[in-house]
1. Per DSSP H run of at least 4 residues, take -39500 (n - 2.57); add these up for the chain, divide by its residues and hand me the 222 nm value, nearest 500 deg cm²/dmol.
2. Mind running the shape call on the chain? Use the C-alpha gyration tensor, a ≥ b ≥ c as the square roots of the eigenvalues: rounded below 1.5 for a/c, prolate if a/b tops b/c, oblate otherwise.
3. For Cα pairs less than 8 Å apart in space and 6+ apart in sequence, what is the mean separation divided by the residue count of the chain, i.e. the relative contact order in percent?
4. Out of the trypsin sites (Lys or Arg not before Pro) in region 1-63, which ones are loop residues according to DSSP with at most 15 other C-beta atoms within 10 Å?
5. Which Cα, out of V60, A87, Q34, lies furthest along the positive dipole direction of the chain (beta carbon charges, K/R +1, D/E -1)?
6. If Lys and Arg each add +1 and Asp and Glu each add -1, what is the summed charge of the other residues whose beta carbon sits under 14 Å from the beta carbon of N92?
7. Among all the aspartates and glutamates, which ones have a C-alpha under 16 Å from K101's C-alpha, if same-chain residues fewer than 8 places away are not counted?
8. Assuming R0 = 35 Å, what is the FRET efficiency of D41 and T76, from their Cβ-Cβ distance, to the nearest 0.05?
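The values are calculated or read from the model by the stated rules, or taken from the named source; none is laboratory data. These numbers were taken from a predicted model, which means no experiment stands behind them. Every residue, glycine as well, gets a Cβ built from its backbone with ideal geometry; the counts of neighbours run over all protein chains shown. Only protein heavy atoms, including side chains, enter the accessible area calculation; ligands, DNA and RNA are left aside. Shrake-Rupley method; radii C 1.70, N 1.55, O 1.52, S 1.80 Å.
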Amino acid sequence: MEEARVFVFENYCRIHHKIDLSALGEKLAMDQDQAERWIVDLIRNALLDAKIDSEERCVVMGADSQSVYEQVMERTRDLNVRSGTLAINLANMLNETKKEKARKARAAREEE
């Protein structure tokens, strides 16, 4: 059950920056106080970059910073996709140009 709660919580946190403790407790099948204690334990064990706002009774997620290595890998992955798309588009344009030249040549022959 604990692993399922962590999974649900991680996915919920990826979507939301600020999370109400009562809503979170409902999603995790806990009451609000249990949910708060559970999150405090996650923060203490360094599994979570977040802060609890006691006045608003919510969890504020920290900034998700990527390492330089992750940033380079992501941009490289994007570059590969963009290069592949560019190559496909260029090949399509060349094929269309060849077809258009062939049509014009046929039309010129037919006119003669």
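1. -24000 deg cm²/dmol
2. Prolate is the answer for the chain, as a/c is 1.5 or above and a/b outweighs b/c.
3. 18 percent
4. Here the sparse-neighbourhood loop sites are R57.
5. Of V60, A87, Q34, it is A87.
6. Taking every Cβ under 14 Å from that of N92, the sum is 0.
7. Correct list for K101: E110, E111.
8. Calculated value: 0.40.
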